[in-house]
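I have placed the structure first, in the form of structure tokens, so that the comments after it can refer back to it.
The values are calculated or read from the model by the stated rules, or taken from the named source; none is laboratory data. What you are looking at is a predicted structure, and each value in this text was computed from that prediction instead of being measured. When we count neighbours, we look across all protein chains shown, and the Cβ atoms used for this are built from the backbone with ideal geometry, even at glycine.
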Amino acid sequence: MQVFKAMLKVMKKRLPSAMIYVVVFIVVSVIVSSAATKDNSFEASRLRICIFDEDNTQESHALAEFIGKRNDIVEIENDRDAIIDALYYQWANYALIINKGYAEKIAAGDTSDLFGSYCLDERFSTVYMGQLLNEYVASVKAYTTMGRTVTEAVSCTEEVLAQNAEVSMLRADNGGDSHFSVDFAAYFQYMPYILISVIISVVSMVLVIMNRKDVRYRTNCSSMRNSSYTFQLFLGSFLFVFVIWLLLIIVGAVLNEEMYTGRAWLAVLNSFILSMVIAALAVLISSFEPKDNILSLITQVAGLGMSFFCGVFIPLEVLSGKVAAAARFLPVYWYIRANNMIAETEAYSFRGVMQCYMIQIAFAAALVLITLLVRRVRYSGAAISTTVRKSAVR
């Protein structure tokens, strides 16, 4: 098993750089998983509001007090430059000016030119405060129209607008299997990018090194049979791919807080099949013996390209028809289709999942056949290109 041991030594040197992808993926998955388990209750945001009361009446004080219950009031010097600086550096989100004559206009039912403001356009705080002030003024005007005094109208308005409904953020989860929710399906959805990046960057590079001319010629001249050499190469590659896949599956079980059961096993099998497809792709790439920089480029193009075009980073339903049609010629597309059906983000069909499996296996078989053809042409003999010189015997 000399070839197998040599492969492990080369993989050991290449592994640290590739494991960066795995570590980052695990860290992000842990963060997303912890965020998903938190309480999804809704809580209104509090803004930092600066109020300049130029009217200085009981009604204007009531408005300022009402705004202060929902937001944080900050003190800023009543100077235009100081206010602009506070808005720019986010010390304050909104500066409200209650114009002089506010109380008189409210009593008369006039709602024009009640306020002035300093704010940044196209900000949430601007829209929020505009809506809040409109609701407040409209409510006070409605009560005064019904015959209430301004003081009574302000009191009733504060009572009505202070009422809050209990809101919970819910997301439809059509997954019929409680052990494979949409949140857990997302873990498997992003797995292809990590598998592509790690497997191609390690397996392809190791095989390129093992298939260098000097190593290959020396092996051909030894007593080792070619079948044994090829078997050890495939054994080492399969072992590495299996370990990486198994590591991701174990992490997934930990994040799910229970072992895989029910439909989740279909997702596990789906990821294993894709791992074998990517391994076949890595062997094919290594047959062309690309250099390190070219291999890195191929890894990024394959990982990012299939991730964007096949629904890993962008949902399939968002992709255009032409892009989705082109993605059908890539194995990751069928992996994502199966994953979506398993999680029931699209209609679940066991037959449909099996069809996606078979298509991925067909991709793997095609890649293996192409690899055998390429290797037969490139490595058909150790001395094909060797020039033989005849020397005259004296």
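A few points about this structure:
- Selection count, the range 89-139, where residues are of a type outside the set (Lys, Arg) and in a helix (DSSP H, G or I): 22
- Among the residues making up the range 27-60, those that are farther than 30 Å from residue 96 by Cα and either at pLDDT 80 or above or surrounded by 17 or more Cβ atoms within 10 Å (Cβ to Cβ) (or both) are 27, 29, 33.
- For the range 325-346, a residue qualifies if it is of a type in the set (A, V, I, L, M), farther than 18 Å from residue 262 by Cβ and free of Cβ contacts under 8 Å to residues at least 40 places away in the same chain, and the qualifying residues are 325, 326, 327, 330.
- Subset of the range 119-137 (residues that are closer than 19 Å to residue 86 by Cβ, touching a residue at least 40 places away in the same chain (Cβ under 8 Å) and either touching a Gly at 6+ places or on another chain (Cβ under 6 Å) or among the hydroxyl-bearing types (Ser, Thr, Tyr) (or both)): 125, 128
- When residues in the range 277-315 are screened for being under 19 Å from residue 212 (Cα atoms) and free of Cβ contacts under 8 Å to residues at least 40 places away in the same chain, 3 of them pass.
- Criterion: over 23 Å from the mean Cα position of the chain (by Cα), over 17 Å from residue 187 (Cβ atoms) and in the same structural domain as residue 285 (by TED's automatic domain parsing) - qualifying residue of 349, 320: 349
- Pick from the range 140-183, criterion within 17 Å of residue 64 (Cβ to Cβ), of a type in the set (A, V, I, L, M) and assigned to a helix (DSSP H, G or I), ranking: modelled with the lowest pLDDT: 161
- Some residue of the range 329-336 being more than 17 Å from the chain's Cα centre (by Cα), surrounded by 14 or more Cβ atoms within 10 Å (Cβ to Cβ) and closer than 20 Å to residue 264 by Cβ: yes
- Among the conditions (1) closer than 16 Å to residue 160 by Cβ; (2) in contact with a Gly (Cβ under 7 Å, 6 or more places away or on another chain), the only one that residue 140 does not satisfy is (2).
- The residue of the range 70-82 that is surrounded by the most Cβ atoms within 10 Å (Cβ to Cβ), among those that are free of Cβ contacts under 8 Å to residues at least 40 places away in the same chain and within 39 Å of the chain's Cα centre (by Cα), is 71.
- Filter pass, residue 330 being in contact with a Cys (Cβ under 7 Å, 6 or more places away or on another chain) and modelled with pLDDT of 85 or more: yes
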